[in-house]
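Shown next, in structure tokens, is the structure this report addresses.
Every number in this text was worked out from the coordinates using simple rules, so none of it is lab data. The structure displayed is predicted, hence computed values, not measured ones. Here Cβ is always computed from backbone atoms with ideal geometry, including for glycine, and neighbour counts include all displayed protein chains.
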Amino acid sequence: MTGTTLTDHRLVRDIRERLVEIPRLWKRLLMIGIDIAALMIALWASYAIRLAQWMPALTTERLVLAICAAAVAIPFFIKLGLYRSVIRYLPDAAIWTILRAMLMATMSWVIIIFLMEMAGQGIVPRSVPFLYFVLGTLLIGGIRFAAKWILNQGTGLRRDEDPIFIYGTGPTAAQLARALKGHGNRFVMGLIDDDPANHGRDIAGYRVFPSSDLPGLIDRYGIKEIVLSMSAIPAETRQAVIARVTGLGVRVRTLPDISDIVDGKYIVNQIREIELDELLGRSFIPADKELLNQALTGKIVMVTGAGGSIGSELCRLIIRWKPKKLVLLEASEFALYKIEQELLAAGDHAVVPVLGSVTDESLMRRAIRSHGVQVLYHAAAHKHVPLVEANVLEGIHNNVFGTLTVARTAAEEKIESFVLISSDKAVRPTNVMGATKRWAELIVRQMAIEAQARGDRQTFCAVRFGNVIGSNGSVVPLFKQQIAKGGPVTITDLDMTRYFMSIPEAAELIVQAGALSAGGDVFLLDMGEPVRIGDLAENMIRLAGFQVRNAKNPDSGIAIEVIGIRPGEKLYEELFYDRDNAQPTRHPKILRADSAAIARYDMEASLRNLAAAIAAEDEAEAKKLLFALISGENAPEQATSFG
């Protein structure tokens, strides 16, 4: 008995799979034939019920009316998309489309009846059109939903397949549609395009729909995801397209340009999340390869804080430019191990891990001297504003005196180039982290002045920029975690603004800025327009396929909760002390700040007093001294060396 049952199941499954594999054109013709038969049955049943006769008489008038019923119904069915829907993925909302199609078909048929009666061609009972509408709707809808149930039961088909649209009609979009057929958990329902010339056409066997119809199409087909084929979308309209589709309540993912795909057969694996910088619309400027080559190729390079967000990205960039040796200095054992293994897996490179703190002068000197370091990128710092605010002494010790240790050791060991990674929070700082970064800039500037006085060909510079998307401790990963948990997304103030750029872009610009340095420079990276954090939170929620819960949508979606500004936070960040004095460089996204005024500060005395406060563990005094220098309360006319 069991063997017979299994055989029957296999037979049924084989039949279903054969049906699924029938070309779409033949499936549509089959559905049209079934619908015509269903309408004939509905019309026969309407007469049978009204006349209480099992076999109503078949007259010429009734035969003409039957042909007319099918002739007017099928065009409406085609127009409303009943034959474009894939039965396996027919959404429940399709019943409303069927009702509409049957209502329009019935009304048109009634007009034909009226004209025939006026011509004396017989009378149709008034209840027949009503019965025809009800029975026709039941049969047309019932056949489709019954077929959907049959096709999705016990067929071996994956139940996690989601109907999707591909935005774009270029070669990559068509290639992706073909690649997804029978693979993965996505089923392509059609293509979306903004070009009216493509609307209604079939490309690679898929219907092309206008983007203006997306809201209705999503409801009609139960769409779960839209994949953007970026190579098919003009660069100047990408941001607008992304912004439009992210508000539709579906997941939005992207396929990169065809130039980014090495092998077409892996095209399905290239589908990825939309990057936030794509949504922000930052313009892309290709790197100056001459500057990167000048700074890195054949050099012995050290990166402090090599396991952090910026430090690790710098390491990835550096290793691609074939340095003679890359020295990784990191205080976190796990972070150091992780970046070392990643770099070694990328090829046979000379990578040297050094575990320790930038505040350890003997370690720094030993590492620099033993490996003959020529270029040093100082990325090690405590950067999380609330944490540094709660740990003032450690923040000053690491960010100020760590920078002093590294920079002074680099100067004494005759390193060719020293680059400090600074922050926009160093401009008119209101928090400890920003103030320590400003001190670090002053220290590097002072080192440059001393190197110039000695006649050394050493360059010391700082590179200042805003937030990088996805960095450790930043708002973007936090928002992602909160969205994944269903919310709420917590923000300090809806109107708070910040500057953002991607980590790879920041790393490239840091290296290029270092190569441009003549000594003592503070470089500013063009961060574009500031981003309102409230808008950022809403965009990230929509990117994840959710609605924003607010007064207009109180019952669903993810809410945004305002928790108030934390200690030391600013509502707006700045990149310049004086924007008018910022000078352009050969790179359009790198500016040089006017840092001449920095020479007025008495860094030696200020550092001595600050060190005394740290040694005495006097947090209040240390914080007072930290802000006193940069607020201009202690600014003698002449600079003095560190002795």
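Among MET55, MET501, MET40, the ranking by other beta carbons within 10 Å of each residue's beta carbon, starting with the fewest, stands as MET55, MET40, MET501.
Footprinting exposure proxy ranking of VAL444, VAL548, VAL352, VAL227, fewest other C-beta atoms within 10 angstrom first, gives VAL352, VAL548, VAL227, VAL444.
So between GLU619 and ALA390, what do we pick up on full extension, going 0.36 nm a residue minus the alpha carbon distance?
Numbers: separation 229, 0.36 × 229 = 82.44 nm, distance 1.04 nm.
Taking GLU619 through ALA390 to full extension adds about 81.4 nm, to one decimal.
Taking a straight line from the alpha carbon of LYS224, these lysines sit under 30 Å away, with near neighbours fewer than eight places off in the same chain left out: LYS27, LYS79, LYS148, LYS181, LYS265, LYS480, LYS485, LYS552. Were the residues from ILE67 through LEU29 laid out at 0.36 nm apart, the gain over their Cα-Cα distance would be 11.9 nm. Taking label points 7 Å from Cα along the Cα-to-Cβ direction, GLU290 and GLN452 give a separation of 2.4 nm. Under a cut-off of 20 Å between alpha-carbon atoms, report the lysines in cross-link reach of LYS589, not counting same-chain residues fewer than 8 places apart. Reachable lysines: LYS289, LYS425. Among residues other than PHE418 whose Cβ falls under 14 Å from its Cβ, what is the net charge (Lys/Arg +1, Asp/Glu -1)? Net charge in that neighbourhood comes out at -2. Among PHE187, PHE479, the order by Cβ neighbours within 10 angstrom, fewest to most, reads PHE187, PHE479.
Among 103-109, 372-378, the peptide with the highest mean count of other Cβ atoms within 10 Å heads the list, and the full ranking is 372-378, 103-109. Net charge near GLY534: determine it from the other residues with C-beta under 10 Å of the C-beta of GLY534, scoring Lys and Arg +1 and Asp and Glu -1. That works out to -3.
Our estimate of slack between LEU103 and GLU413, defined as 0.36 nm per intervening residue step minus the Cα-Cα distance, is 102.9 nm.
Approximating the spin labels as points 7 Å out from Cα along Cα→Cβ, the PHE114-to-GLN341 distance works out to 7.8 nm.
Kindly rank 582-593, 506-517, 318-329 from highest to lowest mean number of other beta carbons found within 10 Å of each residue.
Values: 582-593: 17.2, 506-517: 24.1, 318-329: 20.4.
Descending mean neighbour count gives 506-517, 318-329, 582-593.
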